[in-house]
Amino acid sequence: MRKVMMILLTFCYTLFLAKGETKPLIYQIDIRKDIGATTWLYLKKGFAEANKTGAKLIVIRLNTYGGEVVYADSMRTRILNSRIPVIAFIDNNAASAGALIAIACGKIYMRTGASFGAATVVDQTGGQLPDKYQSYMRATIRSTAEAHGKDTIVNGKDTLIQWKRDPHIAEAMVDNRIIIPNVVDSGRTLTFTTNEAIKNRYCEGKAESVDDIISKQMGIKDYDLKIYKPSGFDDFLGFLNSSLVRGILIMIIIAGIYFELQTPGFGVPIIAAIIAAALYFAPLYLGGSAAGWEILMFLIGLVLLALEIFVIPGFGIAGISGIILIICGLTLSMIDNINLDFSRVPGGEIAIALFTVLISIAVAFGFSIYLSNKIGQKGIFRRVALEAEQDISQGFVGVPTEPQQIVGKIGIAATVLRPSGKVMVESTFYDAVSEHGFIEQGTAIKVTRYEAGQVYVIKSEE
């Protein structure tokens, strides 16, 4: 009796499971523009949605001529680490960075007439970059092919072990010096047609649509397909996240802070810096790259730098710590790390982020110094810097008419010198810089020298 009951229960449970079965969900992400911050955002959000909805397969539909290597590297890393199987459908083109992304996918299908390859690293004009860049790309694309492992092929009594995707072939897509018999001759960067890719095990088959892949190639007749639909806001965030825009925003932040320190008060420079900081951190935070503690690190750095300039005389630990925290906050916000865990961050991404920040800061300082000497009475930015010439009858001159006449004279600090500010010598105000850092307002000063259009002073001992 017990055996009969067990059989009946098993039968009923099987029927229940059969009725509860649902059609598999296939998630499609279209990449139809240059690889960059926007397509990287598409991929991240698409993968997050696919995981959330329980998708069984992700199809990346590619039609791109390439783009930025750093974003392609991030995308291929995300694909290789995906828990959901990922296949690529090359719908016409997968060149350069697009080829790297396709090779990262578990399977590749191509439309008739499509092409795939040509992954040499080039500059904005199409010129080939130096070998150190090619070397990095060769290693990256080779390791991507190797990540798919090897196949064991038994042919009668012979057993052959070979790569699922030959890394040497992948490398030939970058390096035109590589010769592979019957595949590529020297002097040509490898690009496959659909038939050539199938012949060399870099494509599983032809398909004219995503439905062809799923229903004909994979044999799944009944399924649900969901396509990621990017919004206009996604495109805006992607634009703000681009390397060029990030660099410009960093320059505005640094230049705004610099000009605000030169002309104390709450004016146009600091407002521009605040807006630029918001535009810099907001898309990174919304995209999941910037954590709250990274933004806090940047803010603490600003506070320490302000304390060093406005409160603590000289330049010491607070100022140095502030600069380091500002640089770290800007850099780490670009990197998709989790609590300083960089194990899933592509190797070159950290260096590129730091390089972007440092170069942007250097350019911002250089441009700010240049601009502060050029801005005069004309133009919308005339209030950003002190004017080089004013009527002496107005009581102030930025640069003395006869500067050597006031060298050695005694005056007072009309404002706090941090180290720049204003001094008054013989009833005339001058723009000046302290030789030895902080000087309080009202302190007696002595003019020590005049160089390159700038008055320098020290505290007077008289």
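The values are calculated or read from the model by the stated rules, or taken from the named source; none is laboratory data. Computed from a prediction, not measured in an experiment: that's the story for all the values here. So basically every Cβ, Gly included, is an ideal-geometry build from the backbone, and we count neighbours across all protein chains shown. Each accessible area value is taken on the protein alone, full model and side chains, heavy atoms only, with ligands, DNA and RNA left out. Shrake-Rupley method; radii C 1.70, N 1.55, O 1.52, S 1.80 Å.
Whole-Hz Karplus ³J(HN,Hα) for the stretch 137-150, in order, using 6.51 cos²θ - 1.76 cosθ + 1.60 and θ = phi - 60°, x for Gly and Pro?
5, 4, 5, 5, 6, 5, 5, 5, 5, 5, 4, 7, x, 10
Could you give the length gained by full extension between S82 and L299, i.e. 0.36 nm per residue of separation minus their alpha carbon distance, to one decimal place? Spell out each step's value before the answer.
Details: separation 217, 0.36 × 217 = 78.12 nm, distance 3.45 nm.
That works out to 74.7 nm of additional length.
Taking 0.36 nm per residue of separation and subtracting the Cα-Cα distance, what length does fully extending S243 through H168 add?
Working: separation 75, 0.36 × 75 = 27.00 nm, distance 3.12 nm.
My answer for the length gained is 23.9 nm.
Using a 1.4 angstrom probe and counting only protein chains, how large is the accessible area of K216 in Å², to 10?
150 Å²
Leaving out ligands and nucleic acids, and using a 1.4 Å probe, what accessible area per residue does the stretch 140-246 come to in Å²? Provide the component values of the computation, followed by the final result.
Numbers: 6100 Å² over 107 residues.
Per residue, the stretch 140-246 has 57 Å² of solvent-accessible surface.
How compact and how long is the stretch 203-281, expressed as Rg and Dmax of its alpha-carbon atoms in Å?
Cα-based Rg and Dmax for the stretch 203-281 come out at 23.9, 70 Å.
Amide H neighbours of T64 under 5 Å, counting only residues 5+ apart in sequence or on other chains, H built in-plane at 1.01 Å?
Here N93, A94, A95 satisfy the definition.
Across the stretch 84-100, in residue order, what do the Karplus-derived ³J(HN,Hα) couplings come to in whole Hz, using 6.51 cos²θ - 1.76 cosθ + 1.60 with θ = phi - 60° and x for Gly and Pro?
Working through the residues one at a time gives 9, x, 10, 10, 9, 10, 7, 9, 3, 9, 9, 9, 6, 4, x, 5, 4 Hz.
If each Cα of the stretch 118-262 is one equal point scatterer, what is log10 of I(q)/I(0) from the Debye formula at q = 0.14 Å⁻¹?
-1.00
Determine ³J(HN,Hα), in whole Hz, for all residues of the stretch 414-428 in sequence, where each value follows from phi through the Karplus function 6.51 cos²θ - 1.76 cosθ + 1.60 and θ = phi - 60°; x replaces Gly and Pro.
Coupling constants for the stretch 414-428: 6, 9, 5, 9, 10, x, 8, x, 10, 10, 10, 10, 6, 6, 10 Hz.
Keeping all protein chains in place and using 1.4 angstrom, which order do F89, F355 fall into by accessible surface area, from largest down?
Working: F89 0, F355 130 Å².
Putting F89, F355 in descending order of accessible area: F355, F89.
Using a 1.4 angstrom probe on the protein heavy atoms only, line up Y109, Y285 by accessible area, largest first.
On the way: Y109 10, Y285 130 Å².
Ranking Y109, Y285 by accessible area, largest first, yields Y285, Y109.
Mind ordering 43-55, 179-191 by average Cβ neighbours within 10 Å, highest first?
Working: 43-55: 17.3, 179-191: 14.2.
Descending packing order for the listed peptides: 43-55, 179-191.
V433 accessible area, nearest 10 Å², 1.4 Å probe?
Number for this one is 30 Å².
Scan around F438 for amide H atoms under 5 Å from its own, H built in the peptide plane at 1.01 Å from N, and keep only partners 5 or more places away or cross-chain.
G314
Assuming R0 = 56 Å, what is the FRET efficiency of V433 and K52, from their Cβ-Cβ distance, to the nearest 0.05?
Working: r = 58 Å, r/R0 = 1.03.
Rounded to the nearest 0.05, the efficiency is 0.45.
Using 0.36 nm per residue of separation minus the Cα-Cα distance, give me the extension gain between V268 and L307 in nm, one decimal.
Working: separation 39, 0.36 × 39 = 14.04 nm, distance 2.12 nm.
Going from the current span to full extension adds 11.9 nm.
In whole Å, what is the distance between the alpha-carbon centres of the stretch 192-212 and the stretch 417-462?
So the two Cα centres are separated by 75 Å.
For the residue pair A139 and L25, what label-to-label distance in nm results when each label sits 7 Å from Cα along the Cα-to-beta-carbon direction?
Computed distance between label sites A139 and L25 equals 3.9 nm.
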